[in-house]
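Everything below concerns the one structure shown next.
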Amino acid sequence: MEMYNEFAKVYDKLMEEVPYDKWFEYIEKIFMEYNIEPKMILEMACGSGNMTQYFCKNRYKVTAFDLSEEMLLLAQEKIGRKPNLKLSCQNMTEFKYREKFDVVLAVCDSLNYLIEDGDLEKTFKNVYDHLNESGLFIFDINSIYKFENILGKNKFVTEEDECFLVWENEYEKPICQLILNFFIEDEDGRYERYEEVHKERAYTTEFVETLLKKVGFSSVDSYEAFTLNPIQDENERINFVVKK
């Protein structure tokens, strides 16, 4: 899995349009729909803490991890030291905690970054082992439709203050290679070029559901992202709500 390195410096600028506040409200709507009042939440692949901060501001006790130390530093700086937050550097396939959690979260297609055979099942098993009985596992993935019709066929150019990004994609089933060339302005007004290559794997909804049930989860529901509506053929993001 490729890590966010120099990209971490500009990540938040490029993610400013992501409605994390609405995403948080959506997750709380899921809590209500599934009649759960969680206290302890584990967030996998928390990145720079854009989602984490909303849970910390509310009544939740949050444990969050990421594989990128650079992202964790940004999260710590953004959220500050809070008594209801613990951050650590861990891998989704191998994370270990003594305690169990009421909810495990993974947002913003984090699980698509698991590209090796068996990694998704290992992660599901790990999540299952860290959930309390009747706990929820909430996550989303980029859909096959999105890889085939949007990411895999397009180039994206984004310009923000002090940053210019050219994002190209190469999709060869089931792997989508995301080639990021970005230019960051330094204190002297000069731009320095960086390149990073990220990879995401496309998973069918059926495959994901089969693995979850194999691991032992009692129920698996999937929705059009940000709703509780059934999945449609052209949904770009699919949200799963899984119960232990």
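What the table shows:
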{"item": "Region 223-244 and region 181-205: distance between their alpha carbon centers, rounded to Å", "result": "29 Å"}
{"item": "Simple Cβ-charge dipole of the chain, Lys/Arg +1 and Asp/Glu -1, about Cα centre, in debye nearest 20", "result": "1380 debye"}
{"item": "GNM result for the chain, Cα springs below 10 Å: residue of PHE182, PHE24, PHE156 fluctuating most strongly", "result": "PHE156"}
{"item": "Over the chain, relative contact order from alpha-carbon pairs under 8 Å, at least 6 apart, %", "result": "17 percent"}
{"item": "For region 146-200, size of Cβ-based charge dipole, Lys and Arg +1, Asp and Glu -1, in debye", "result": "600 debye"}
{"item": "Sum of -39500 (n - 2.57) over DSSP H runs of 4+, divided by residues of the chain (222 nm, nearest 500)", "result": "-7500 deg cm²/dmol"}
{"item": "Ranked list, fewest to most other Cβ atoms within 10 Å of each Cβ, for GLU168, GLU209, GLU116", "result": "GLU116, GLU168, GLU209"}
{"item": "Choice from PHE207, PHE164, PHE55 with maximal GNM fluctuation in the chain (Cα, 10 Å cutoff)", "result": "PHE207"}
{"item": "Region 146-200 - percent relative contact order, Cα under 8 Å, separation 6 or more", "result": "27 percent"}
{"item": "In region 99-187, lysine pairs closer than 16 Å at Cα, eight or more apart or cross-chain", "result": "4"}
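Taken together, the values in this text are just the output of simple stated rules run on the coordinates, not laboratory data. For clarity, every value in this text was computed on a predicted model and none was experimentally measured. Using ideal geometry, Cβ is built from the backbone for each residue, glycine included, and neighbour counts are taken over all protein chains shown.
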